[in-house]
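J.: Structure below; questions to follow.
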Amino acid sequence: MGRAAGSAKLCRSFAAPTSSVANDQVGKSVPRRSSSLGARASRLVPLMSILFFSIDDAPEPWRVALTRALPGMPFHVWPDVGDPRGVRYALVWKPPVGMLKTLPNLKGILSLGAGVDHLLLDPELPRNVPIVRMVDAGYADQMSEYALYAVLHFHRRMGEYREQQTRVQWQPLEAVPVAQRTVGVMGAGVLGGDFLRKLQPLGFRTRVWSRTAKALAGVESFSGPEGLAPFLAGTQILVNFLPLTPQTRGILDAKTLALLPRGACIVNIARGAHLVEADLLAALDAGHIGGAMLDVFAQEPLPAEHPFWSHPRVVVTPHIAGQAIAELMVSQVVENIRRIERGEPPHGLVDLARGY
Ligand code: NAP
Ligand code: GLV
């Protein structure tokens, strides 16, 4: 209800002019010479619109939510762009390379994801347009739930019990006290930070590795390239929340996996390209890595012939650790459009130099 009330005010500024001016070009208003010319002009003139593209998400919940919140702003779904000059905001997940450069009057590129690697890989991305990511917007609860489940799965040796069940084997395994189990979190941002806060009451030892050092009560902090090896050396269950950047691509490879203690487990819910999959398979098969729960992959969907599907120590999920839920995200999208229209920085403005 609050959203609808606020949006009425916003939408007036997006509605096609009806009295003394017409926007013959997005962002530029011209006086009408006569009412009949004005009527003709408004037929020709593109409205300021929002363009949606996602390879994973249905547009309908977004159409419903955004046309309710922004009734004066037409909602298009690629490839039905209308007049490309009228597109003011692109709300996108993994758009085709080159798509965004065809929109000359963009004022904001809004990622449906918390990550923006899917945008930054486009060599033709218009880099002068603000690129904005989702800040939590419903991801934090889901990612933390997944990571909590994964940590408990490995801590309570559920993968091994599952394997025993396939052999009809009744065999209790040694229990490790929670206070002797160390969970290491890569990335202490919005999502990694939320997970740490929710994990701590369970009594695990916790540590984090990030670009800059953190002061989080009860969490051992490691930072920078020099902090990675000591961080890994004490991590028994590793959970990856990093953004994918040139610095983090392939960060989980044979060399770094070898730094983990024998039997350590991996939870990757960030990006497939963080992990060198062949190196993980080798480490699993050598018994150095005890198990892996993987939500993201180098190639998605994971090809049917991929060895992860049938590996007894690997749990595969189809990139669902955090799913875009329109009703939880729309207020952030609307607020960011408002901010950009007012000339203020949006929440989640991506720092192109850092890459996240
Ligand atoms: P964020 O708030 O930007 O946090 C990123 C964290 O990573 C920060 O703590 C940052 O360090 C750290 N970091 C970045 N580069 C680093 C480097 N080179 N070395 C060490 N640490 C580095 O991002 P977020 O919102 O938590 O999202 C994290 C990622 O989760 C997204 O980028 C996305 O890939 C992934 N994700 C996946 C799903 C899914 O469904 N599987 C859903 C949502 C998000 P500083 O704090 O020092 O800057
Ligand atoms: C999903 O993977 C995201 O980046 O939000």
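J.: From the list 140, 114, exactly one residue is surrounded by 18 or more Cβ atoms within 10 Å (Cβ to Cβ), part of a helix (DSSP H, G or I) and within 16 Å of ligand 2 (Cβ to nearest atom). Which is it? Break it down into steps so the answer makes sense when it comes.
T.: Details: 114 fails: part of a helix (DSSP H, G or I).
Result of the check over 140, 114: 140.
J.: For region 337-356, name all the residues that are outside any helix (DSSP H, G or I) and farther than 23 Å from residue 240 by Cα.
T.: So in region 337-356, the residues outside any helix (DSSP H, G or I) come out as 343-356.
Those that are outside any helix (DSSP H, G or I) and farther than 23 Å from residue 240 by Cα: 343, 344, 345, 346, 347.
J.: Hey, among the residues in region 173-205 that are out of contact with any Leu (no Cβ under 7 Å at 6 or more places or on another chain) and among the basic types (Lys, Arg), which one's farthest from ligand 1 (Cβ to nearest atom)?
T.: Once the filter is applied, the top-ranked residue is 181.
J.: Separate question: Give 174, 124 a once-over and let me know the one that is assigned to a loop (DSSP other than H, G, I, E, B), exposed (fewer than 15 other Cβ atoms within 10 Å of the Cβ) and in contact (Cβ under 8 Å) with a residue 24 or more places away in the chain.
T.: Answer to the check: 124.
J.: Separate question: Tell me, please, whether a residue that is surrounded by 15 or more Cβ atoms within 10 Å (Cβ to Cβ) and under 20 Å from the mean Cα position of the chain (by Cα) can be found in region 157-169.
T.: Looking through region 157-169, none of the residues is surrounded by 15 or more Cβ atoms within 10 Å (Cβ to Cβ) and under 20 Å from the mean Cα position of the chain (by Cα).
J.: Also, I was wondering about something else. Any residue in region 278-285 that is away from ligand 1 (no atom under 12 Å from the Cβ) and touching an Asp or Glu at 6+ places or on another chain (Cβ under 8 Å)?
T.: yes
J.: Now, a different point. Would you be able to say whether some residue in region 213-231 is closer than 24 Å to residue 314 by Cβ, away from ligand 1 (no atom under 12 Å from the Cβ) and surrounded by fewer than 22 Cβ atoms within 10 Å (Cβ to Cβ)?
T.: Scanning region 213-231, I find no residue that is closer than 24 Å to residue 314 by Cβ, away from ligand 1 (no atom under 12 Å from the Cβ) and surrounded by fewer than 22 Cβ atoms within 10 Å (Cβ to Cβ), so the answer is no.
J.: Next up: Taking the condition of a type in the set (D, E, K, R) and free of Cβ contacts under 8 Å to residues at least 40 places away in the same chain, does residue 255 pass?
T.: Spelling it out, residue 255 is indeed of a type in the set (D, E, K, R) and free of Cβ contacts under 8 Å to residues at least 40 places away in the same chain.
J.: A follow-up question, please. Would you confirm whether or not region 149-157 contains a residue that is outside the structural domain of residue 263 (by TED's automatic domain parsing) and outside any loop (DSSP other than H, G, I, E, B)?
T.: Within region 149-157, none of the residues are outside the structural domain of residue 263 (by TED's automatic domain parsing) and outside any loop (DSSP other than H, G, I, E, B).
J.: Restricting to region 254-279, name every residue that is among the basic types (Lys, Arg) and more than 19 Å from residue 192 (Cα to Cα).
T.: Within region 254-279, 255, 262 qualify.
J.: Of all the residues that make up region 303-336, how many are in contact with a helix residue (DSSP H, G or I) (Cβ under 7 Å, 6 or more places away or on another chain), closer than 10 Å to residue 137 by Cβ and assigned to a loop (DSSP other than H, G, I, E, B)?
T.: Number of matching residues: 1.
J.: Here is a follow-up. Search region 170-203 for residues being within 19 Å of the chain's Cα centre (by Cα) and among the β-branched types (Val, Ile, Thr), and hand back the single one that is farthest from ligand 2 (Cβ to nearest atom).
T.: Taking region 170-203 and keeping what is within 19 Å of the chain's Cα centre (by Cα), we get 185-196.
Applying the additional criterion that residues be among the β-branched types (Val, Ile, Thr) yields 185, 190.
Numbers: 185: 17, 190: 11 Å.
Of everything passing the filter in region 170-203, 185 is farthest from ligand 2 (Cβ to nearest atom).
J.: Residues 157, 162, 181, 133: which one is modelled with pLDDT of 95 or more, at positive phi and charged (D, E, K, R)?
T.: From the options 157, 162, 181, 133, the qualifying one is 157.
J.: Could you count how many residues in region 235-265 are touching a strand residue (DSSP E or B) at 6+ places or on another chain (Cβ under 8 Å) and not in a loop (DSSP other than H, G, I, E, B)?
T.: Looking only at that region, the number is 8.
J.: Any chance region 83-92 includes a residue that's at pLDDT below 95 and not β-branched (Val, Ile, Thr)?
T.: So far as region 83-92 goes, yes, one or more of its residues are at pLDDT below 95 and not β-branched (Val, Ile, Thr).
The values are calculated or read from the model by the stated rules, or taken from the named source; none is laboratory data. In this text, all values refer to a predicted model and were calculated from it rather than measured experimentally. Neighbour counts are summed over all protein chains in view; Cβ atoms, including those assigned to glycine, are modelled from backbone coordinates with ideal geometry.
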